[in-house]
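Worksheet: the structure to be examined is printed underneath.
Any read-out appearing in this document is the output of simple, stated calculations on the displayed coordinates, not a laboratory observation. Only a predicted model underlies this, so the values are computations on that prediction, with no experimental measurement involved. We place every Cβ from the backbone using ideal geometry, glycine too, and count neighbours over all the protein chains shown.
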Amino acid sequence: MTRSRDIRWLPGFSWVTLFFFVFLYAPLIILVVFSFNASRSATVWAGFSFEWYTKAFANDDIQRAATNSVIIAIFATIAATTIATMAALTLSRNKRVKGKPVFGGVLIFPLMIPEIVTAVATLTFFAAIGLSLGLGNIIIAHTVFCIPFAYLPIRARLDGMDESLEAAAQDLYASKFTTLRLITLPLLMPGIVSGAMLAFIISLDDFIITLMVAEAGSTTLPIYIYSLVRIGITPEVNAVSTVLLGFSVIVVTLSYVIGKKNKT
Amino acid sequence: MSSIAEKLRVYTGLMPAVFVIGVFMIVPIMIIFVYSFLVAGDFGGVKPKFSTDAYVQLLFQKNLFDVSEFNPAYLIIAFRSLWIAVVTVLGCLLLGFPVAYYIASQPEDRRNLFLLLITIPFWTNLLVRTYCWILVLRDTGLINGALINMGLIDEPLTLLYTEGAVALGLIYTYVPFMVLPIYAALERLDVRLIEASRDLYANRWVTLRHVVVPLAMPGMIAGSILVFIPALGAFIAPDLLGGGKNLMLGSLVQLQFSSARNWPFGAALSMVIMAVVLLCLYAYARNVRKNGGGVQH
Amino acid sequence: MTSAVKIQALNKVYPGDVTALKSADLEIGDNEFFTLLGPSGCGKTTLLRLIAGFEEPTAGVLSLFGDDISTLPPEKRPVNTVFQHYSLFPHMSVFENVAFGLRRLGRSDKDAKARVEAMLDLVHLTDFAGRKPSQLSGGQQQRVALARALAPEPKVLLLDEPLSALDLKLRQSMRAELKRLQKDTGITFVFVTHDQEEALAMSDRIAVMSAGEIQQVGDPSAIYEHPENRFVAEFIGDANFLNATVAETTPSGTTYALDAGGTLTGPDQGRAKGEAVTLFFRPEKATLSQVGEGPNQLRCTVKDILYLGNSTDYWLALDHVTTLIVRSKNQTDGTVIADIGEQISLSLDPAALRILAT
């Protein structure tokens, strides 16, 4: 009743939306369900079991890969978020900076290049200068493409912030630095947090760039999963993938909740 | 006061970003541009000798008598990539527009919930998400299993390792890139415009075609570009869902830098992909400037 | 008169050659309630931001009690601002907001606490010290903004349309409140508004601005009764304009022949015979009567009648192109002076007729 009275209502659009969400979530749900399947089959349900999780957690290779992934993600996130915050503050608040569109373009440049090109370019560059720092190579590569993901939410938050708050602080005898410390940064924090979370997830999930850049011994979780998938599907992959999935869901939801709480 | 040092100080905050992206992104791309004009080394890498062979190799192949003859193999791969990317964009548009429209017409609380639901898979591991489709599509997978159990078919259908599977995987991966910009355009759309259109004797569908779609066009174009760029160079979906016989550009590039060890050819392929992408972005930027964002009020 | 703020040939040009302020000269006295009045885009907010130090002047000198402060950053100026949308720090309590400036000035905790309490008492918000700005009503936020700006005892307080976000009743009571605060504290207030009623009600003096220029400076009655040009006459209150030529000059007054027909007599303004002038009078200065055709009377046709409650506006046609408005106090019995289409006589006291500079 109320629906057909809505001037915007169009027949069938709600069904397409329903189909869309089923399409979006069905494969993920199947993955989660079969990670608890007692048999190796991915079609027949043979009872609930934690067997694959136990096996996956006991696997030294998986542990090593997971540790590598987390170390890389932490360093890349810290570096990318710091760099992005400084850049966003300068571009959004310093009126004397010239060529802002160019700098803005540089900051989101990594988003405009297809990943495969970034991957081979980075590999070529590291080979050309003979850089071989183990995980360090991957951290550098991740920092680069995490910068725009950290930058965009921080910049959006800064642009949405009332600049007269900073003017008010200066009017009340706060120096530029004090204003940054007491007003701008505390109010910017939700943007920095969500930028950092996105950067973290992007780093944790990256596959193709890591695949090209990684040296022997620097295997990350996605690369390990890929190697398992290439060999053939093993139920451990389901378990590891589910853990990775759960982790991403938690981080994204957390970032959403923080953003929402700070809006009101 | 305003010496050169003083002027540079203004840019201090930008220096780390410019340094990191410049040195580790822009310089590497310039290097592969140079590499695309060199000769392949015997065990990977390059020899410092100018040559356009890498580009010639895209279309021609030297036969046994060292005569160049036309070789469509790579052209076919390029067109397959282009074709699959276009199909992906169309699929995303067809699915994404109604979804974006429906969400935009919901009350605010529900809109935010829907957006969260869209973004969650979007941030989950691409590899994991693509891998899920193997579980669904393979011969002993969910669809074939269900169809055989229902007695509709005896032999499993070949679903996995087809171009269709690749397109499906790509649509699945990139459809959020389409929904979000269209939603952003539709959310700003003033409901009173729809009311005005209906008031002036247009029915729902005529209003959709003549009022809503034109106003959502910037979002649809932005979404199409956001889908097209990664779809063209995609690696995971073609690799996992397409199998060996449906090679796409992304996998081809990766091969040159791994087993084939032909870096100049891989670099040349990368340049071709970049050229297509930059052309798209340039056309988009021109279009935006021409319209001056005037479509959105 | 000591001048609290003195500006000389102050110019502000924004990038893209947008001139916001054209070499303005102005002196604002100590302990004055001074208002910058004008439509949006007239430069009044730019002038305020220049005084506060949020903008740097392109040219000219700005001094505060004799000291040139043109190039000082905002945190070095003993001037505080009440922002249009208050700009209270959302992550700090009311107490912390009011204490912010005092802390920056290095006041001791004890001093600051006493001062904040005094300020909150002044604006009747003592019980709200622990609240966050989002937990306050618009009027309360407004008063916190006032307390915060007054706490460091600025030499000049700048107010940027502080009442525009409030509803009518609250706005009216805040007018009286602001006037009281100004008298109690003895601080010079520079108040920006586009609301002429607000300006007339509160100010000691008003500067009317338009297109980046100061049109007229004066006390409220001078601005209303003796506008210097057509813009000021039109922007403040309602106005009737008549084109005329000087017909006769005598010691007792000057007679003007209206382009629309008829004559009016007014005070001598030293104009030569035959000179073209623009005459002006306020709608409430004229009276209407059914009969009579004498000195300073014009015969008109009633075109429209607008009932306004305490008064009625009569729209009168003098000829085909000239329309005059006369505002008449309503009688207790509710009778109207004339009906639409009737002929009527308009009488004007010669003292109420003004001649405008063109």
What helix-only [θ] at 222 nm does chain B give? Using -39500 (n - 2.57) per DSSP H run of at least 4, over all residues, to the nearest 500, the answer is -20500 deg cm²/dmol
Listed residues A:Met212, A:Met197, A:Met161; largest mean-square fluctuation, Gaussian network over chain A with Cα springs below 10 Å, found at A:Met161
The ³J(HN,Hα) series, computed from each phi in the range C:316-333 with the Karplus coefficients 6.51, -1.76 and 1.60 at θ = phi - 60°, rounded to the nearest Hz and given as x for glycine or proline, is 10, 9, 8, 9, 5, 10, 9, 10, 10, 10, 10, 9, 10, 4, 6, 7, 5, 7
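What average count of beta carbons from other chains do you get within 10 Å of the Cβ of residues in A:10-17? Can you show the working numbers first?
Values: counts 9, 2, 2, 9, 5, 2, 8, 10.
For this peptide, the per-residue mean of nearby foreign Cβ atoms is 6.
Averaged over its residues, how many other protein chain Cβ atoms are within 10 Å of peptide B:271-277's Cβ atoms?
Values: counts 1, 1, 4, 5, 0, 1, 4.
Whole-number average of other-chain Cβ neighbours for B:271-277 is 2.
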Between C:Asn330 and residues 5 or more places away or on another chain, the pairs with built amide H atoms under 5 Å apart involve C:Ser311, C:Thr312
Residue ranges of DSSP H helices in chain A that stretch 15 Å or more (Cα, own long axis) and have mean Kyte-Doolittle hydropathy of at least -1.0 are A:13-35, A:60-93, A:100-112, A:115-129, A:135-160, A:185-205, A:221-231, A:235-263
Here the range B:243-257 yields Karplus 3J(HN,Hα) values (6.51, -1.76, 1.60; θ = phi - 60°; whole Hz; Gly and Pro given as x) of x, x, 7, 10, 4, 10, 3, x, 5, 4, 4, 4, 4, 4, 8
Which residues qualify? For C:Val82, with a placed amide H closer than 5 Å and at least 5 residues away or on another chain, they are C:Leu158, C:Leu159, C:Asp160
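Could you tally the net charge around C:Lys110, taking each other residue with its Cβ under 14 Å from the Cβ of C:Lys110, Lys/Arg +1 and Asp/Glu -1? Write out the running numbers ahead of the final one.
On the way: positive: C:Arg103, C:Arg107, C:Lys113, C:Arg115; negative: C:Asp109, C:Asp111, C:Glu117.
Residues close to C:Lys110 contribute a combined charge of +1.
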Averaged over residues of A:121-131, the number of beta carbons from other chains lying within 10 Å of each residue's Cβ is 6
Out of C:Val82, C:Val123, C:Val18, a Gaussian network model of chain C with alpha-carbon springs under 10 Å gives the largest mean-square fluctuation to C:Val18
Which of A:Leu221, A:Leu24, A:Leu133 fluctuates most in a GNM of chain A (C-alpha springs under 10 Å)? That residue is A:Leu24
Here the range C:82-92 yields Karplus 3J(HN,Hα) values (6.51, -1.76, 1.60; θ = phi - 60°; whole Hz; Gly and Pro given as x) of 9, 7, 4, 9, 6, 6, 6, 5, x, 8, 10
For chain A, the dipole about the Cα centre with charges only on Cβ (Lys and Arg +1, Asp and Glu -1), to the nearest 20 debye, works out at 860
For the table C:Lys6/C:Lys44; B:Lys7/C:Lys22; C:Lys169/C:Lys285; C:Lys169/C:Lys329, the rows whose alpha-carbon distance is greater than 19 Å are B:Lys7/C:Lys22; C:Lys169/C:Lys285; C:Lys169/C:Lys329
Relative to chain C, whose Cα atoms define the longest principal axis, helix C:168-185 and its Cα axis are tilted in degrees, nearest 10, by 60
Taking Cα atoms, the helix C:109-122 axis meets the longest principal axis of chain C at an angle in degrees (rounded to 10) of 30
Only helices counted: for chain A, with every DSSP H run of 4 or more residues adding -39500 (n - 2.57) and the sum spread over all residues, [θ] at 222 nm is -25500 deg cm²/dmol
What helix-only [θ] at 222 nm does chain C give? Using -39500 (n - 2.57) per DSSP H run of at least 4, over all residues, to the nearest 500, the answer is -7000 deg cm²/dmol
The set of residues whose placed amide H lies less than 5 Å from the amide H of B:Val39, leaving out same-chain residues fewer than 5 positions away, is B:Lys47, B:Lys49
